[in-house]
Amino acid sequence: MKIQFPKDPGTGFAARALCAAMVVGGLGSTAAFADDAAGALKDGKIGYVLTGARWALHQTEDGKAECPDGYNEGPREQFKALFPNGGTVEGTQLEREGVARYPTDKEDNFSYREAKGKTAIGLNLDGKVGPGDFTSVSGEQGVDNQLFRAIGCTRLFRAPDGTFAHFTNMWVREMNFNRVLMELTKVDSLTDDDSVEVTLYRGKDRLMTDATGANIMPGGSNRADERFGARFIHHIKGKIKDGVLTTEPSDVHWPWAVFLGRPGAYDIRGLRFNVKLGPENAEGLLAGYADVETWYAQLVRSWSTHHSSYGGLSQPSLYRQLRRLADGYPDQSGAMTAISSAMTIKLTQVFIEHSGQKVASGPDQPQRLASAP
C-alpha cells in the first residue's frame, strides 16, 4: 500500500504520525483477522451493505454467442417505421408514450431478439432441470433466468457500456434510498454454520470511502431505517457452508430508486441468496422471481423513452416478452405473473446500528447508542 503524505509543512509531521499509527494498527490487527471476521463478527453478528448490483447477464466479448441475430432496435427505429411521414404530436409521440405505459392497448408487430444459448448466470429456483433451463458457467444445471432471455440482447442492460447497467451499479452506492443492509445473526462461524438468521434493512447513511472516493471501505457504520423503511425489513433463514451463505426462499420488497432518488421497489418472489462471505467483503448472487407488473412499472416510471433510446430498449416490446417468458407464480387463470431472474451483487462489511439499542463496534472501540431516526 502506497501512502501519499500531504505537502503542507504545517501538517505534514502530524499527518505522517497519524498514517504511521494507522499502518501499525493495521498490521497489528492482521493477526486478529485470521479468525472469523477478526472483530467484524462480534457477538455472533456481522453486517454488510450493498455496494454493487447488476441484473445478471451472461455476456461473451462480441455478444455473438448469446445474440447471434444482433441486438434489439429501440423506440427511435420503431418510430421511424411507424411514422415515416411524421404526423401530429398527439398521433405520434404521445401515442407511443401511451403505448409504453399501456403496452397491451395496441398490437406490437416488431420482431424481438431474445438471448439464446445454454449458458446463463443464476440459480436453480424450482429444483428441476427443464428444457428451457440454462447451465451455469460452473456447470450447474437447471438454472432459471428467463429475464436474461428477455433483456440479454438489449444494449441498455449489457455491461459495461449499457446505461441501465452502468447507472444501476452506481445508484446502489450513491442513493441512500437504495442502501440495502444485510445483517447476519446467530453466526458461529463464517466458514460453516448450519443455521443463521439473515435480516434485510434499508440503511440511512452514506457509504464510507477511501480518499479517492472510488472504493468503499469496510468497517464503517450505517443506521437501519426501522421506521420509514419498515416495509423493506425481511427476516430470512440461512446457512453457511464452505464460506458460502445460502438462504431459504422469501418474498422480498427490494428498494430501488433512480435519477434524483425517485423512489420505487422491485417485488421479488422466492428470493434467495448465494453469497461468498468474507470479513471485509462479500460477493455472489441473489435470485428469485421478479413480479412482471411491478418490474415493468418501475422501468417505465423511472426510465424515459429518451433514455431507453440510447440502449435500444422498446418498452412495449419488452413487456410482451416479459409476459410471454414469465415462468413463476401463476394467477387464478393459470397465467404466470413473475419471471425468473438473478442479480450479481457486491457487499462491504459495516456495523449496523439499530434505534435505541447498543450496536456492534470495532475490536478496539466502545459500544455506543444509535441515534434515533
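Observations
- Candidates ARG155, ARG149, ARG227: the one that is more than 16 Å from the chain's Cα centre (by Cα) and either among the aliphatic types (A, V, I, L, M) or farther than 27 Å from LEU313 by Cα (or both) is ARG227.
- Residues of segment 159-202 satisfying the condition of being closer than 15 Å to THR344 by Cα and part of a helix (DSSP H, G or I): PHE164, ALA165, HIS166, PHE167, THR168, ASN169, MET170, TRP171, VAL172, ARG173
- Residues in segment 195-210 that are touching a residue at least 12 places away in the same chain (Cβ under 8 Å) and farther than 25 Å from ASN274 by Cβ were compared, and the one that is surrounded by the most Cβ atoms within 10 Å (Cβ to Cβ) is LYS204.
- Within segment 296-338, the set of residues being modelled with pLDDT of 95 or more, surrounded by fewer than 20 Cβ atoms within 10 Å (Cβ to Cβ) and either among the hydroxyl-bearing types (Ser, Thr, Tyr) or in contact with a helix residue (DSSP H, G or I) (Cβ under 9 Å, 6 or more places away or on another chain) (or both) comprises ARG323, ARG324, LEU325, TYR329, SER333, ALA335, MET336, THR337.
- Residue list for segment 219-261, filter: over 16 Å from VAL172 (Cβ atoms) and not in a strand (DSSP E or B): GLY219, GLU226, ARG227, PHE228, ALA230, ARG231, ILE233, ASP242, GLY243, GLU248, PRO249
- Residue in segment 85-98 that is assigned to a loop (DSSP other than H, G, I, E, B), on the phi < 0 side of the Ramachandran plot, surrounded by fewer than 12 Cβ atoms within 10 Å (Cβ to Cβ) and under 26 Å from the mean Cα position of the chain (by Cα) present: no
- Note on segment 244-264: residues that are surrounded by fewer than 18 Cβ atoms within 10 Å (Cβ to Cβ) and small (Gly, Ala, Ser) amount to 2.
Listed here are the residues, each with its yes/no results for (1) in contact with a Gly (Cβ under 9 Å, 6 or more places away or on another chain); (2) within 21 Å of ASP291 (Cβ to Cβ).
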residue	(1), (2)
THR88	no, no
GLU95	yes, no
ALA120	yes, yes
THR135	yes, no
VAL143	yes, yes
PHE148	yes, yes
ALA159	no, no
THR191	yes, no
GLU197	yes, no
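- So GLU280, is it modelled with pLDDT of 95 or more, surrounded by fewer than 22 Cβ atoms within 10 Å (Cβ to Cβ) and touching a Pro at 6+ places or on another chain (Cβ under 7 Å): yes
- Residues of segment 267-299 that turn out to be farther than 27 Å from MET336 by Cα and β-branched (Val, Ile, Thr), as a count: 1
- Test: residue in segment 220-243 that is hydroxyl-bearing (Ser, Thr, Tyr), under 18 Å from ALA40 (Cβ atoms) and either at pLDDT 95 or above or surrounded by 14 or more Cβ atoms within 10 Å (Cβ to Cβ) (or both): yes
- Test: THR163 is surrounded by fewer than 19 Cβ atoms within 10 Å (Cβ to Cβ) and modelled with pLDDT of 95 or more: no
- Among the residues of segment 124-158, the ones that are surrounded by fewer than 16 Cβ atoms within 10 Å (Cβ to Cβ) and part of a loop (DSSP other than H, G, I, E, B) come to 11 in all.
- Qualifying residue in segment 32-50 (condition: within 30 Å of LEU318 (Cα to Cα) and either at pLDDT 95 or above or surrounded by 13 or more Cβ atoms within 10 Å (Cβ to Cβ) (or both)): yes
- With respect to being modelled with pLDDT of 95 or more and more than 30 Å from ASP205 (Cβ to Cβ), GLU73 falls outside the description.
- Residue in segment 253-269 that is at pLDDT below 95, closer than 22 Å to GLY122 by Cβ, within 21 Å of the chain's Cα centre (by Cα) and aromatic (Phe, Trp, Tyr) present: yes
- Residue that is nearest to GLU97 (Cα to Cα), among those in segment 57-75 that are surrounded by 16 or more Cβ atoms within 10 Å (Cβ to Cβ) and over 25 Å from the mean Cα position of the chain (by Cα): PRO75
The values are calculated or read from the model by the stated rules, or taken from the named source; none is laboratory data. Just so we're clear, the structure is a prediction, and the values are computed from it rather than from any experiment. Cβ coordinates were reconstructed from backbone atoms using ideal geometry, including for glycine residues, and neighbour counts include every protein chain displayed.
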